[in-house]
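Working notes, structure below.
The values are calculated or read from the model by the stated rules, or taken from the named source; none is laboratory data. Not measured: the values here are computed from a predicted model. Here the Cβ positions follow ideal geometry from the backbone for every residue, glycine too, while neighbour counts run over all protein chains shown.
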Amino acid sequence: MWLRSAVLGLLLLLPGTGLAQAAPLGGLVVTPGESKDAAPVRLGTTAGCPAQSAGYYATMRGAGLPAEGLVIVPNGDVGLSHNGPFEVPMALTFKDFAADNNVTFSGRYDIVLHCIDPFTQESHGEFTGTLDFVEPARYVAVGTAKGPQRPSTPLIVPADPPVGQPSDTPPPAPESTPAAAAPAETGGGQPFLHIATGVVGGVAAIAAGSALRRRRSPTD
């Protein structure tokens, strides 16, 4: 009996077991607040994570899902804020999650975003919201969790540029070709051609003059 109690006590101290409850930090706002299950969903916090948190993840708990919750936002830190609210996208749609986990959503589900230390997985607090699947393929966020039908601002997620696409960094300028390396026919070849033409013309003129003088001189 004492061994079972000791193991249970240890589990309560370990993060990510689903048994320990982290401090509530505020609510979650689900956008769209009401939609079909195939819509991309954002989760917005009502405040920032504690300063000691360097990451987050989100889970969903309810009928047909694991007791510790289904991870719907994996460990990350993109967009994390310590000073005010921030938004994160769900990894998949509710339709995809239902298909991947062979579950039909029905009734109410709690969504929790955990502010964590990514290395130890220790939770420093949670933001929570509730959804009601009034139909298997349609949900409505409950109370203050119900956000607008459309996002009010674009969600900017940094990413590497696709292969073959230019990045923000301009490419290095091509090296200039030294003037001495220019082909002879496009550089100094033309002056030589002019000189050669002049020499040939001069020789031809001298030959013509000599022939004319011999023609005019008396014969013996």
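So the values come out like this:
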quantity: Among the candidates ALA20, ALA99, residue that is of a type outside the set (Lys, Arg) and modelled with pLDDT under 95; calculated: ALA20
quantity: Near pairs, Cβ below 8 angstrom, 6+ apart or cross-chain, from the stretch 114-141 (over 10 Å from GLY55 (Cβ atoms) and at pLDDT 95 or above) to any residue that is β-branched (Val, Ile, Thr) and part of a loop (DSSP other than H, G, I, E, B); calculated: PHE127/THR46; GLY129/VAL142; THR130/VAL142; LEU131/VAL142; ASP132/VAL142
quantity: Tabulated pairs, the stretch 58-78, first touching a residue at least 24 places away in the same chain (Cβ under 8 Å), second basic (Lys, Arg) and surrounded by 13 or more Cβ atoms within 10 Å (Cβ to Cβ), C-beta under 9 angstrom, 6+ apart or interchain; calculated: GLY62/ARG108; ALA63/ARG108; ALA67/ARG61; GLU68/ARG61; GLY69/ARG61; LEU70/ARG61
